Amino acid sequence: MLETLKRTALPGNHAPAAVNTLSDRALLAGWRTGLSILNLRGNAEDPAFRNAVLRALKLELPVQPCSSVADHLYRLVWVGPDDWFVVGPKDQASAIEATLRGELAGTHHAVTDVSGGYTVLHLSGRPVREVLAQGCPLDLHPRVFKPGSSAGSLFFKASMWLWQTDVAPTYEVLVRSSFMGYFWLMLERSTQECGLVTRRFQ
C-alpha cells in the first residue's frame, strides 16, 4: 500500500518531527475508492423483505436505529426505518443489485446503485476522535458510540454518514463524491498538530 506522511512542526519545535514519532500520534486516513454502494429501501417489518436480504447478502438486515452490520464482503448501514446503504466490493454494484432484485421480487422494495455519487474514507489512529470532534457534533465517546454504531452528521459543512468498525477505534465515513476535496481540506486543517498519514485502502 502507498503511504505518505505530512510532516508537521510540533509546538515548540522548529523542524518537522521525526517520521516515527509523528506517525505514532498521527491520524491515518485514506479513500476507499471504487466500492460498490447501493441504496436499499423496503419495509423492515416485513419478514419476507428481511429474509430476502439475508438470502442475497448473507447478513441480517440492521433494523435498530443508528446501527450497522458487516462481514468480509458487505456492510449494511441503517439510514432510516425503511432505508439502508449496502457497501460492497469494488465493481460489483451491478451483480449485487441483480442479486437483491432477484431475491426481493414480490416484495415492496427499491434498489439503486449510487456508487458514482459516494465514496468511503478510512479514519484511524490515536487522535481520530479528537480530529473528528473539531468538525462533527456527534458524541463519539466509547460509552455512546461503539463498533457497529452509525449515524448521519456533518464534518464542518460536509454531510456524511459515519460508522465505527472496531474498538481501536477505526471509523469509515461515507461522503458524497462532490464533497471529497472539501472534506480532505478540512481534515488536513484539523490535523496540523498531530499530523496526517495517508494510505491507499482497498
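Specify the residue with the greatest mean-square fluctuation among Gly117, Gly34, Gly148, computed from a Gaussian network of the chain linking alpha-carbon atoms under 10 Å apart. It is Gly117.
Every pair of different Cα atoms in the chain enters the Kirkwood calculation, which places the hydrodynamic radius at 17.9 Å. Of the residues Gln164, Gly135, His109, the one whose Cα sits farthest towards the positive end of the charge dipole of the stretch 90-202 is Gly135 (charges of +1 on Lys and Arg Cβ, -1 on Asp and Glu Cβ, taken about the Cα centre).
Taking the C-alpha atoms only, the angle from helix 180-190 to the longest principal axis of the chain is near 40 degrees.
Between Asp83 and Val63, the modelled label-to-label distance comes to 2.0 nm, taking each label 7 Å out from Cα in the direction of the beta carbon. GNM on the chain, alpha-carbon springs under 10 angstrom: the most fluctuating residue among Ser178, Ser153, Ser68 is Ser178.
Dimensions of the stretch 126-174 along the principal axes, based on C-alpha atoms and rounded to the nearest Å, stand at 27, 18, 16, largest first.
Report the calculated FRET efficiency for Ser94 and Leu154 (r = Cβ-Cβ distance, R0 = 41 Å), to the nearest 0.05. Plugging the Cβ-Cβ distance into 1/(1 + (r/R0)^6) gives 0.85. In whole Hz, with x marking every Gly and Pro, tabulate ³J(HN,Hα) for the stretch 25-36 from phi via Karplus 6.51 cos²θ - 1.76 cosθ + 1.60, θ = phi - 60°. 3J(HN,Hα) across the stretch 25-36, in whole Hz: 10, 8, 7, 9, 9, x, 6, 9, 6, x, 5, 7.
Of the chain, which part is the longest with no trypsin sites (Lys or Arg not before Pro) in a loop (DSSP not H, G, I, E, B) and with at most 12 other C-beta atoms within 10 angstrom? Please list the in-between numbers first.
Values: sites that count: Lys58, Lys90, Arg143, Lys157.
Free of exposed loop sites, the longest segment is 1-57.
The modelled label-to-label distance between Thr33 and Val144, using points 7 Å beyond Cα along the C-beta direction, is 3.5 nm.
Any read-out appearing in this document is the output of simple, stated calculations on the displayed coordinates, not a laboratory observation. Since we're looking at a predicted model, the values are computed, not measured. As a convention, Cβ positions derive from the backbone with ideal geometry for all residues, glycine included, and neighbour counts pool all protein chains shown.
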